[in-house]
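This report refers to the structure that appears directly beneath it.
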Amino acid sequence: MKWSSFGKSLMWSVPVVIAVSMTTITPPAAGQFRKATRPQVIRPQGAVWQVIRANCTECHGIDDYAYYALDRAGWQKLIDSKHKGAEVKLSEGDQNLLLDYLVEKFGPGSKPFPRTYIPPEITTFFSDPEAKRLLDRACTECHPLDRVDKSRYPEEKWRVVAVEMREKGAKLSDEELERLVEWLGRVWGTNQDK
Ligand code: HEC
Ligand code: HEC
């Protein structure tokens, strides 16, 4: 959210905040008006996509799956508990396909995407050498930087990747993450013909 629209929504919400603050709720800090970064899940191929498309996507997308890292029983329980009253009935074969996919992609060995990363506002931007230094320090312990060089993403997608990498173990402060994301979007974005 841009600061101009933030100002507007704050104005609109003032009466609500006053009314509510008579009880116990305190107004949220300014940062909480900005949206948390959401995961982006790439659509799977093949039969499992047919199962998901036929049974799941009429109500919501697949990105939220990334908030979980569960074993088979855990996935089964989660899906049951989230859809009480709604009909999400699958044949045994389809259910197995779905659970195979969920456990492979979002199993207990994976890292759930955090629900609460809110990008901080940055006011200074990386030069190429600054960005390279951070990449060398924070990213090369697990894989070479060709993972980065081979990718072209818009800034929002780089943010998702960077948040995922931090969950895996990359050591980055919020500020470093955001400055890196801005640089990646600028230098390894989708509008380049590098
Ligand atoms: C009839 C509508 C509907 C269908 C069909 C449906 N869902 Fe949902 N699903 C919901 C709603 C509503 C919620 C939120 C419930 C809540 O948070 O209490 C939800 C929540 C979820 C969540 C948790 C999301 C989160 O952020 O915590 C997962 C995972 C999920 N659904 C997976 C599936 C899968 C897999 C299928 C197909 C087998 C499916 N859903 C089909 C309505 C649906
Ligand atoms: C703790 C280990 C670890 C660190 C540190 C790490 N990565 Fe990764 N990275 C991985 C693993 C594992 C994969 C493969 C994940 C997959 O394919 O699902 C990966 C995949 C990637 C990919 C390709 C996946 C995609 O969605 O495009 C990119 C790009 C990437 N990493 C960038 C980075 C950057 C940038 C940093 C530093 C900020 C970093 N990584 C630090 C473990 C790490």
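Couple of notes before you dig in:
- Applying a threshold of 6 Å to beta carbon distances and a minimum spacing of six or more residues, or different chains, the list of pairs starting in region 127-147 at a residue that is without any contact (Cβ under 8 Å) to a residue 60 or more places away in the chain and ending at one that is assigned to a helix (DSSP H, G or I) and of a type in the set (A, V, I, L, M, F, W, C) reads Ala131/Trp183; Leu134/Leu180; Leu145/Leu135.
- When residues of region 57-79 are limited to those that are of a type in the set (D, E, K, R) and within 10 Å of ligand 1 (Cβ to nearest atom), the one surrounded by the fewest Cβ atoms within 10 Å (Cβ to Cβ): Glu58
- Arg147 satisfies every condition listed in (1) in a helix (DSSP H, G or I); (2) of a type outside the set (Phe, Trp, Tyr); (3) modelled with pLDDT of 95 or more except (3).
- Every condition in (1) part of a loop (DSSP other than H, G, I, E, B); (2) closer than 28 Å to Thr57 by Cβ is met by Cys142 except one, and the failing one is (2).
- Total residues in region 31-66 satisfying the condition of being more than 16 Å from ligand 2 (Cβ to nearest atom), part of a helix (DSSP H, G or I) and not β-branched (Val, Ile, Thr): the figure is 10.
- Of the residues making up region 89-127, just one is of a type in the set (A, V, I, L, M, F, W, C), in a loop (DSSP other than H, G, I, E, B) and closer than 11 Å to Trp75 by Cα, namely Phe106.
- Test for Arg72: is it modelled with pLDDT of 95 or more, within 16 Å of ligand 2 (Cβ to nearest atom) and of a type in the set (Lys, Arg): no
- No other residue among Lys105, Lys82 is surrounded by 15 or more Cβ atoms within 10 Å (Cβ to Cβ), closer than 30 Å to Glu58 by Cβ and charged (D, E, K, R) apart from Lys105.
- Residue identified as among the β-branched types (Val, Ile, Thr), in contact (Cβ under 8 Å) with a residue 24 or more places away in the chain and in contact with an Asp or Glu (Cβ under 7 Å, 6 or more places away or on another chain) among Val181, Val160: Val181
- Applying the condition of being small (Gly, Ala, Ser) and farther than 30 Å from Cys56 by Cβ to region 108-139 and asking which residue is nearest to the chain's Cα centre (by Cα) yields Ala138.
- Residue within region 87-104 that is within 13 Å of ligand 2 (Cβ to nearest atom) and under 21 Å from the mean Cα position of the chain (by Cα) present: yes
The values are calculated or read from the model by the stated rules, or taken from the named source; none is laboratory data. Every value quoted in this text rests on a predicted model; they were computed, and no experiment measured them. In this analysis, Cβ positions are derived from the backbone assuming ideal geometry, glycine residues included, and neighbour counts consider all displayed protein chains.
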